[in-house]
Amino acid sequence: MQIDLSELFGGTTDLDVDIVRTLLKALKSEHSNEFDFISFKQSVQNLKAMNMDEETSFKSAFATASTMGLTKEKLLHSAKKYKNALESERSSFANALRNQMEIKVNGKKEEAELLKKRIESYKQKIEDMKREMAVYQEKIDTVDETMAAAKQKISETKDRFEKAYNSINSRINDDLTQIEKYL
């Protein structure tokens with residue numbers, strides 16, 4: 001059975017589409033043909049769509065799944081597997097952010113320091129060097145703006161990722177609470 005994870009983890013319309021797609025791809029990579037947490041979640045959602053109350057939806061989906069060998073322990077283990085996949089994606093994202101920060105912010109800071117030293121040495125040279133010093137000074141002036149823009153963009157991307165991550169993670173946590181409550 002084909003499962004649409006974007007539908008299953010709905011309510012992500014105000015989240016960054018690319019980040020949500022990446023997180024859902026991480027979840028999809030953990031999905032197998034066995035009846036697991038995702039299959040269970042879809043069954044519960046389908047039962048709710050038939051105007052079944054939440055508790056009955058959870059119990060009915062579990063009753064059906066248990067005929068296929070699913071136990072509460074297997075269901076919880078499967079949900080944790082998906083949470084681990086999300087956490088792994090979060091870790092990869094954090095590493096990518098650090099790399100971007102190093103390249104786009106710290107690298108520019110080092111460049112600015114080098115240019116400042118060059119300017120100081122040129123001040124001691126003859127008058128012909130003033131034109132070249134002005135060019136370097138211009139670069140230094142724009143480095144701060146470039147750093148601020150890069151830092152802002154990275155921060156916004158991080159915020160969008162955290163918002164998407166927290167939304168999906170919260171849904172899984174809610175499901176885990178419901179599983180614990182009803183099963």
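The values are calculated or read from the model by the stated rules, or taken from the named source; none is laboratory data. A quick note: this is a predicted structure, and the numbers were derived from the prediction, not measured. Cβ coordinates were reconstructed from backbone atoms using ideal geometry, including for glycine residues, and neighbour counts include every protein chain displayed.
Filter region 106-143 for residues that are among the hydrophobic types (A, V, I, L, M, F, W, C) and modelled with pLDDT under 80 and give the result.
Residues satisfying the conditions are 126, 129, 133.
Output the number of the condition that residue 105 fails; it satisfies all remaining conditions of (1) of a type in the set (Val, Ile, Thr); (2) in contact with a helix residue (DSSP H, G or I) (Cβ under 7 Å, 6 or more places away or on another chain); (3) not in a helix (DSSP H, G or I).
(3)
Give, as residue ranges, the helices (runs of 4 or more DSSP H) completely inside region 1-75 that count at least 1 residues that are more than 26 Å from the chain's Cα centre (by Cα) and surrounded by fewer than 20 Cβ atoms within 10 Å (Cβ to Cβ).
Of the helices (runs of 4 or more DSSP H) lying wholly inside region 1-75, those with at least 1 residues that are more than 26 Å from the chain's Cα centre (by Cα) and surrounded by fewer than 20 Cβ atoms within 10 Å (Cβ to Cβ) span 37-49, 54-66.
Taking interchain pairs and intrachain pairs at least six residues apart, which have beta carbon atoms under 7 angstrom, with the first residue in region 17-46 and in contact (Cβ under 8 Å) with a residue 12 or more places away in the chain and closer than 19 Å to residue 158 by Cβ and the second assigned to a loop (DSSP other than H, G, I, E, B) and polar (S, T, N, Q)?
Going by the 7 Å Cβ cut-off, the qualifying pairs are 20/12.
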